[in-house]
Amino acid sequence: MTLRKKIDTIDEKLVLLLKERMDLCKCIGTFKVKNSLAVKDHRREDEVYLHVMAKALEAGLDPQKVEAVFKDIIALGVFVQGAE
């Protein structure tokens, strides 16, 4: 398998994982609506950023770059939950 094909395969897995994450976000959004909770949870977002940045550091990745990626992922999750 060529290196580019390996990257394509990883990209496909990432898309499927994003789909799985968004499906969970939809469920969480439904729960929040039923329980009159705010969609945006800044404390939880901060927890996610700290967690993924620590994991990035462990993996030898730039934590700030990984945080930037997760800001987009979280924004998509908030959108799916209906906050934007």
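Odds and ends about this structure:
- Given their separation in residues at 0.36 nm each and the Cα-Cα distance between them, residue 15 and residue 79 gain 21.4 nm when the chain is fully extended.
- Estimated purely from DSSP H runs of n ≥ 4, each contributing -39500 (n - 2.57), the mean residue ellipticity at 222 nm for the chain is -28500 deg cm²/dmol once divided by its residues.
- With respect to the chain, whose longest principal axis is taken over its alpha-carbon atoms, helix 3-34 is tilted by about 10°.
- The residues of the chain expose on average 79 square angstrom of accessible surface per residue, using a 1.4 Å probe on protein heavy atoms.
- Whole-Hz couplings from phi, Karplus 6.51/-1.76/1.60, listed for segment 63-75; x for Gly and Pro: x, 5, 5, 5, 4, 4, 5, 6, 5, 5, 4, 5, 4
- Taking the chain and dividing mean pair separation by its residue count, relative contact order in percent (alpha carbons under 8 Å, at least six apart): 39 percent
- Taking a ≥ b ≥ c as the square roots of the eigenvalues of the alpha carbon gyration tensor, segment 19-83 is prolate, as a/c is not under 1.5 and a/b beats b/c.
- Global geometry of segment 1-56, whether rounded, prolate or oblate, following the gyration tensor of its Cα atoms and the 1.5 cut on a/c: oblate
- Inter-site label distance for residue 45 and residue 62 at 7 Å from Cα along Cβ, in nm: 2.2 nm
- Lys-Lys pairs in the chain that are eight or more residues apart or on separate chains and whose Cα atoms lie under 15 Å of each other come to 6.
The values are calculated or read from the model by the stated rules, or taken from the named source; none is laboratory data. Model, not experiment: these values are computed from the prediction. Neighbour counts run over all protein chains shown; Cβ positions are idealised from the backbone, glycine included. Remember, those area values only see protein heavy atoms, side chains included, never the ligands or the DNA or RNA. Shrake-Rupley method; radii C 1.70, N 1.55, O 1.52, S 1.80 Å.
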